[in-house]
Structure formats: C-alpha cells, structure tokens
1. Quick check on the stretch 199-257: take the gyration tensor over C-alpha atoms, sort the square-rooted eigenvalues as a ≥ b ≥ c, and tell me if it's rounded (a/c under 1.5), prolate or oblate.
2. Send over the per residue convex hull volume for the stretch 84-128, Cα only, as a whole number of Å³.
3. What list of ³J(HN,Hα) couplings, whole Hz, do you get for the stretch 203-211 from phi and the Karplus terms 6.51, -1.76, 1.60, once you set θ to phi - 60° and write x for glycine and proline?
4. Taking springs between alpha-carbon atoms closer than 10 angstrom, which of P300, P60, P185 fluctuates most in the Gaussian network model of the chain?
5. Which is farthest toward the positive dipole end of the chain among A188, G214, I333, measuring Cα position about the Cα centre, with Cβ charges +1 (Lys, Arg) and -1 (Asp, Glu)?
6. Quick check: at a probe of 1.4 Å, how many percent of the accessible area of the stretch 110-336 sits on carbon and sulfur atoms?
7. Which of Q18, V87, Y320 sits closest to the plus end of the dipole of the chain, meaning its Cα is farthest towards the positive end, when Lys and Arg get +1 and Asp and Glu get -1 on the C-beta?
8. Which lysines, on any chain, are close to K4 with Cα under 30 Å apart, when same-chain ones fewer than 8 places away are left out?
Amino acid sequence: MDSKKVKELKQALIKELQEVSTESNLEEFRLQHLTRQGTIAEIFAGLKELDADQKRIMGPELNALKKEINALFEAQKETIFQQKLKVAQDKEKYFDVTISKPVGHGSLHPYTRVTEEIQSIFMSMGFQVADGPELVTEFFNFTALNIPDDHPAREESDTFWIDHNRLLRTQTSTVQIQTMKHQKPPIAIIAPGRTMRNEATDASHDFMFMQFEGLYVGKNVSVANLLATLKSFLSTFFGKKVNLRVRPGYFPFVEPGLEIDATCPFCTKGCSVCKQTKWIELMGAGLVHPNVLKHCDLDPEEYSGFAFGFGLTRLVMLKYQISDIRLLHSGTIEFLKQF
Ligand code: FA5
C-alpha cells in the first residue's frame, strides 16, 4: 500500500458514489465499502503489514480517506432523500389527467336547475334578477305590503318571529318593497328565494319552501300586460302553448287580486297531475296596490305595476313529478342522483 494506491481508491470511490442515484444503490455502496468487511476496512487492515515510518505516513492518509468518503456518502444520502420527498410532494400537488379512474360526481339540485331556467326566460324578456334578505322587519313582510295589523298571517302560529319586530320572511313579496324603495321605475324584476312559514308539514307543505316573485312597474301597466308576460313565460317553461284561466283572489298588496291557473302541460284530457281537471293552479298575482306604491314613495297617479308570486317548489315538483315536497330538502343521495 502506498499514497498512490490510496489516491486511486479515493477517486474510484468518489466516482462510484456520484453515480449512486437510488436508496438501494446507496445501501449497496455502504455494504461494499463502509462496513467492517468493506473496502475501507480492508485497506486499514493492510496497515499492520507496514513498518513504523510507513504507518506514520499512511495512517493519517487512510483516516482522511475514510472521513471524506463518509461525508460524501451522507451528502449523497441527503440528496436522494430530498429528491424522493419532492417527487412525493409533486404527486400530491398535481392532478394526473391521464389516470382514468371512475369517480362519482354531483349534479345540480332540481331547485338550481329550475331557478336558472326561469331566470333565463325572464331575462330574455328584459327582467333583472333581484335578491333580498331572508330575515326582514315587520315593515317589509307585512306593513308595506298593506297587510292589516290584525291579519292572521302575522300570528305566531303562521310566522317565525325572531323578536317583536324581526321575522323570517313568509313570502318573496318582501323583495317588491326592497326593490321599489331603492329603484325608480321602470322596474322589471324577478326574485327567486327561500321563504319560511310556521306550518305543519305534509307531502305538499313544508315550513321552508321556495317562491318566485315578479314585479313590473311603469306607466299605464294593465292586467293584459301581466297575462301576456305570464303566458309567454309558462309556454316557454313547459315547452308547449299554455292557456291561462283567471279567478278573483285576495292578496292585500294587489288590486285587483287574481289567482292564475294554466292548462295542464302534461295532458289534454285530464291526468293525475291536474287531478283530471285539465287545469293546474299556479300563482297569485294582480296589479300593485296604490298603498304599496305609496309605502315605497311612488305616486300611484303616475305609476302602476303588476306583481305575481308562485311556489317555485310547486313548479319543481310539477316539472320533475316529485310526489313529496320533503324529499327536496332531505339531502337523500338516492333522490338527488336522479337529476
Ligand atoms: C303569496 O305568498 C303571495 N306573496 C303571492 C303573490 C305575489 C300574490 C304577488 C300576488 C302578487 P300564497 O300564500 O298563496 O301567496 O303562496 C304562494 C305559493 O307558495 C302557493 O301557491 C304555494 O305554491 C306556495 N306555498 C305556500 N305555502 C307553502 C308551503 N307551506 N309549502 C310549500 N309551498 C307553499
């Protein structure tokens, strides 16, 4: 053994170590060179065959070799570990679009589908979509809508009161007021939204359901304008020509007040949906009451308007032939999977 041989060995080990790229290659290197039976231990064993002078020279050289190779080994180990870590992190970070694995996917709730459809039909007629809070004061839900102080709808048995003045809106007609208070005519809005009533539930009644309000305010607005708008909307919505039937109805915020029925979109001779009558009851409507206009600081001599409100929930049930209203809020996957 001499310095030249040690130098050659060192260079060979460094070269080999630099080529190591996996954990298993690294382990092979360790077993082959760094253990008690490894190359470095073997060369140390050769020391005892040297005389004292040579030992004094070669001892420190071998120690330096051992130290350097161990240090390089540790450095290479760390590099390989960091590379492995990065690959794992990248795998988590990036979504592999080439993997074709069947995954479950959601769908739009029937409420969302019908709401979007209705909105798009009305928007094509020049209406804007308006929104309003679900927690309102007595003024917006009752007083401004011309509902008398002693009206039964104000009772606790019909309404969820939060305190003496605030309640969960019982109808989307509140948005009429919120809109007219902030916007001057001409106004053409629709307002889909959640409404709450303190009611016992059954297959067709829930304590929370969706309504859909419509309001048009301008000059010389008539019942003919209302009916033409609704006929056009319903025919597009049901995909076939629909005729309307008008009956008198009472809602304190419209005058005249009307109940509007449409020819059954599912039959011509009578079916289970229309209960063999060929008509379906759809909504309340009418011309905006002068008192409501006054509450919103609009002059009834100058402006007039029509309003309508229907159960969006009912429309969804009709469209998808849903037999029990409670399914809509049940969150049942089997039910939702159908849409
Ligand atoms: C109203 O709420 C009026 N705001 C509608 C209106 C607007 C009239 C503008 C005139 C002008 P009504 O209380 O009838 O009206 O409710 C309207 C619709 O909501 C009903 O036809 C029904 O489809 C639906 N509805 C009422 N109560 C429930 C309930 N508990 N569960 C499900 N749907 C309901």
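The values are calculated or read from the model by the stated rules, or taken from the named source; none is laboratory data. Note that the structure is a prediction, hence the values are computed from the model and not measured. Here the Cβ is made from the backbone with ideal geometry for all residues, glycine too, and neighbour counts use every protein chain on show. To get the accessible areas, we keep the full protein, side chains included, count just its heavy atoms, and leave off ligands, DNA and RNA. Shrake-Rupley method; radii C 1.70, N 1.55, O 1.52, S 1.80 Å.
1. Judged from the Cα gyration tensor, the stretch 199-257 comes out oblate (a/c at least 1.5, b/c at or above a/b).
2. 160 Å³
3. 4, 10, 10, 10, 7, 9, 8, 9, 10
4. In this elastic network of the chain, the residue with the biggest mean-square fluctuation among P300, P60, P185 is P60.
5. Positive-most Cα among the choices belongs to I333.
6. 52 percent
7. It is Q18, whose Cα lies furthest towards the positive end.
8. K15, K48, K55, K66, K67, K77
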